[in-house]
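The values are calculated or read from the model by the stated rules, or taken from the named source; none is laboratory data. Everything numeric in this text was worked out from a predicted model, so none of it was measured. FYI the Cβ positions are ideal-geometry reconstructions off the backbone, even for glycines, and counts take in every protein chain you see. Surface accessibility is based on the protein's heavy atoms, side chains included, excluding ligands, DNA and RNA. Shrake-Rupley method; radii C 1.70, N 1.55, O 1.52, S 1.80 Å.
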Amino acid sequence: MTHDHGGFPELRAYSAALKVCADSQQWEWAVQMLQNLQRAQGQPSAADYTSLVGIAMARQDLKLVLTATREMSQLRLEGDACTYKYALRACEEFADWKWSLKLFQEMRCA
């Protein structure tokens, strides 16, 4: 998974730390890393959010899945197929049909 942070070593370090948190299922730390990344850069990459969504699904935290995908949408970041799959599953669980339609539309435009 690549993170588009260009030539900014500090931002790449945050992204790498976020990925390590995701890979080790340390969701509390991953959320903290994402917040730190937002403070340092102003906007995490789509890959950063995708890592968080993956952690949230592994922990069955569907609310966090929806929160992360909504933030991605607000920031105009495009997720991958897994991000959309997890978000649609969360929508199903929470009976959030309006958000699932929006996600479906985003997938068709991507």
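Residue count for segment 22-35 satisfying the condition of being in a helix (DSSP H, G or I) and out of contact with any helix residue (DSSP H, G or I) (no Cβ under 6 Å at 6 or more places or on another chain): 5. Cβ separations smaller than 6 Å between residues 6+ apart or across chains give the following pairs from segment 2-24 residues that are within 18 Å of Arg39 (Cβ to Cβ) to residues that are modelled with pLDDT of 75 or more and assigned to a loop (DSSP other than H, G, I, E, B): His3/Ser45.
Can you name the residue in segment 91-110 that is among the small types (Gly, Ala, Ser) and either modelled with pLDDT of 85 or more or farther than 14 Å from Thr50 by Cβ (or both) and, of all such residues, is most open to solvent (accessible area, probe 1.4 Å)? Among them, the one singled out is Ala95. Residues that are more than 10 Å from the chain's Cα centre (by Cα) and at pLDDT below 85 do occur in segment 43-50. Confirm whether Ser24 is open to solvent by less than 30 Å² (accessible area, probe 1.4 Å) and of a type in the set (S, T, N, Q). So Ser24 fails the test.
If the condition is being of a type in the set (A, V, I, L, M) and open to solvent by 60 Å² or more (accessible area, probe 1.4 Å), then segment 81-90 contributes only Ala81. For segment 36-62, what are the residues that are of a type outside the set (S, T, N, Q) and part of a loop (DSSP other than H, G, I, E, B)? Of everything in segment 36-62, those that are of a type outside the set (S, T, N, Q) and part of a loop (DSSP other than H, G, I, E, B) turn out to be Gly42, Pro44, Arg59, Asp61.
Does Glu78 satisfy being open to solvent by 40 Å² or more (accessible area, probe 1.4 Å) and more than 10 Å from the chain's Cα centre (by Cα)? Please lay out each step first, then the result.
Details: open to solvent by 40 Å² or more (accessible area, probe 1.4 Å): yes; more than 10 Å from the chain's Cα centre (by Cα): no.
No; evaluated as a whole, the condition is false for this residue.
The set of residues in segment 31-43 that are in contact with an Asp or Glu (Cβ under 9 Å, 6 or more places away or on another chain) and within 26 Å of Asp96 (Cα to Cα) contains only Leu34.
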